[in-house]
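Here's the structure we're looking at; comments come further down.
Every number in this text was worked out from the coordinates using simple rules, so none of it is lab data. Being a predicted model, the structure only gives us computed values, none of them experimental. All Cβ positions, glycine included, derive from the backbone under ideal geometry; neighbour counts span all protein chains shown.
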Amino acid sequence: MVPAVATLAVVVALRWVVDGDRCKVTTAAFAIALTAAIGLAAATIAPAHYLTVTCDAISIAQVGTLAIGGFGLAALATLSRLNSVAGRMIAAGGLAVLLAAFVGLEAPQCVGGPFAQLDPRLADLWLASVGEARNVFSMMRDLPQQMPAYFGIPLAALVLGVIRCRRETGQQRWNWIACTAVQAAFALFSVWEIKGASYANALGAALVPAALLQMLSAPGVGLSYFGVPRVALLVMLLLNPVALLALGSGAAHAFGAAAVSTQRVVAAGDTGTCQRAADYTPLATLPRGRVLAFIDSGPFILMQTKHAVLAGPYHRDQDGNIAMLDIFLGAPDDAKALMAARGIDYVAFCPGAPERYNYVARAPASLVAALSRGDVPNFLERIPLDGTDLAVYRVRP
């Protein structure tokens with residue numbers, strides 16, 4: 001939510017620069033409320049970690065930034081001497097410089113986002129393949145049929161929002177500027193990480209009908225339903241995820257023959273990808289131990305068995321996830337020693353997992369590549385288990 005909060009703060013500050021005394025009370029109220037909210041969130045931090053910077057959770061970096069910005073904007077809004085646009089602009093610029101200096105000195109690593117501290121190998125081999133962490137260019141390449149469903153409503157909301165910003169006046173204009181600016185922030189965020197599209201769609205679901213209802217007045221009795229014009233209803237029916245997904249799928253089928261991709265795209269949930277909880281239930285029959293498995297398998301093993309795992313889809317588990325990569329992507333001759341060092345008892349290998357394709361492409365001479373070919377090293381013993389797509393091995397002493 002950082003993009004939304006930051007965008008709203010900028011819009012509120014900009015309105016104060018332009019309107020001055022007419023909005024100083026609401027500007028100060030917004031700034032103080034924002035600071036109070038972050039103060040309540042800071043109460044969840046243990047005293048021992050007050051000065052610890054984390055980019056993926058509330059810490060001194062976020063608390064300090066909002067405290068400086070909130071108190072600073074509230075103080076500026078109440079200064080009577082700032083009675084000109086130029087003076088308020090200089091003051092707001094000074095506050096922005098102060099904020100930039102704080103972030104640059106206190107938490108420069110967080111400028112790259114919440115995952116900036118993630119090991120580059122994990123970012124490349126795991127995070128880049130997580131559906132919600134994809135960028136828009138990856139989506140266009142692998143899943144173009146889903147683009148209308150992800151971006152149809154947000155783009156319509158942006159267009160309609162800009163139109164309302166131009167046509168409205170006074171406070172209503174600032175209301176639309178704030179909403180449209182946040183919509184634009186989420187849309188830009190979606191280009192970098194597709195997860196932002198869910199926020200953009202949530203806000204767009206309110207902005208689109210609101211804009212349509214203001215733009216299209218009901219022409220007369222019989223031509224509207226519950227006060228909603230037919231044209232507006234038609235647009236709303238077309239701009240919904242189901243219709244947009246059908247549009248994208250139809251376009252993909254229509255143009256698929258002319259643009260056939262030679263790259264195989266395997267998605268979690270496809271047949272044989274070991275994404276059913278039942279695939280891991282047979283592991284519960286084995287004596288308790290530590291299992292070497294892919295990142296996506298970790299939660300299923302923890303849920304269905306009493307075994308421990310190295311890896312899981314948790315970005316703070318860097319040590320375990322990197323250890324898994326070192327073993328699977330290393331040469332088979334080195335794997336036994338690495339497994340012994342980590343106390344590995346079993347290997348749960350999923351031949352159809354999306355991760356497997358990424359790892360084999362990166363390291364064709366690795367343990368994961370050997371298991372993919374059926375070349376099982378002599379320090380692994382296959383354990384026959386029914387009812388699962390997993391290939392499970394016991395590590396020989």
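The aspartates and glutamates whose alpha-carbon is closer than 14 Å to the alpha-carbon of Lys195, local same-chain residues fewer than 8 away aside, are Glu132.
For Lys306 and Val25, the difference between the fully extended length at 0.36 nm per residue and the C-alpha to C-alpha distance is 95.4 nm. Across the options Leu216, Ala36, Met139, the greatest Cα extent toward the positive end of the charge dipole of the chain (unit charges at beta carbon of Lys, Arg, Asp, Glu) belongs to Leu216. The modelled label-to-label distance between Asp124 and Asp326, using points 7 Å beyond Cα along the C-beta direction, is 1.8 nm. Structural descriptor for the stretch 277-395: relative contact order 28 percent, calculated from alpha carbon pairs under 8 angstrom and at least 6 residues apart.
Between Met1 and Glu381, the contour length at 0.36 nm per residue exceeds the alpha carbon distance by 132.0 nm. Computed from the C-beta positions of Ala75 and Asp333, the FRET efficiency with R₀ = 56 Å rounds to 0.30.
Taking label positions 7 Å along the Cα-Cβ direction at both Glu168 and Ala243, the computed distance is 2.4 nm, reported to one decimal. In the list (1) 21.2, 71; (2) 26.9, 84; (3) 22.1, 69, the label attached to Rg and Dmax of the Cα atoms in Å as derived from the coordinates here is (2).
Placing +1 on the Cβ of every Lys and Arg and -1 on the Cβ of every Asp and Glu, with no other charges, gives the chain a dipole of roughly 940 debye about its Cα centre. Taking a ≥ b ≥ c as the square roots of the eigenvalues of the alpha-carbon gyration tensor, the stretch 1-75 is classed prolate because a/c is 1.5 or more and a/b outweighs b/c. Considering only C-alpha atoms, what is the centroid distance from the stretch 292-345 to the stretch 149-209, in Å? Here the two parts' Cα centres lie 42 Å apart. Summed over qualifying helices (DSSP H, 4 residues or more, each -39500 (n - 2.57)) and divided by its residue number, the chain shows a 222 nm mean residue ellipticity of -18000 deg cm²/dmol. Spacing of the modelled spin labels on Arg362 and Asp142, each 7 Å from Cα toward Cβ, amounts to 1.3 nm. For Lys336, a cut-off of 18 angstrom between C-alpha atoms picks up these aspartates and glutamates, skipping any fewer than 8 places away in its own chain: Asp326, Asp345, Asp375, Glu381.
Work the Kirkwood hydrodynamic radius out for the stretch 277-395: mean of 1/r over every pair of different alpha-carbon atoms, inverted, in Å. Value: 14.1 Å, from the Cα pair sum. A Förster radius of 30 Å, combined with the Cβ-Cβ distance separating Thr285 from Ala48, puts the computed FRET efficiency at roughly 0.10.
If I take R0 = 41 Å and measure r between the Cβ atoms of Gln117 and Arg276 in this structure, what FRET efficiency does the formula 1/(1 + (r/R0)^6) give, to the nearest 0.05? Rounded to the nearest 0.05, the efficiency is 0.80.
By the beta carbon rule, with partners counted only under 4.7 Å, the chain holds these lone Cys residues: Cys23, Cys165, Cys179. Just the Cα atoms of the stretch 94-196, one point each, no solvent: what log10 I(q)/I(0) does Debye give at q = 0.12 Å⁻¹? Cα-only, vacuum Debye calculation for the stretch 94-196: -0.61. Its convex hull of Cα atoms gives the stretch 148-211 a direction-averaged projected area, equal to a quarter of the hull surface, of 3.7 nm².
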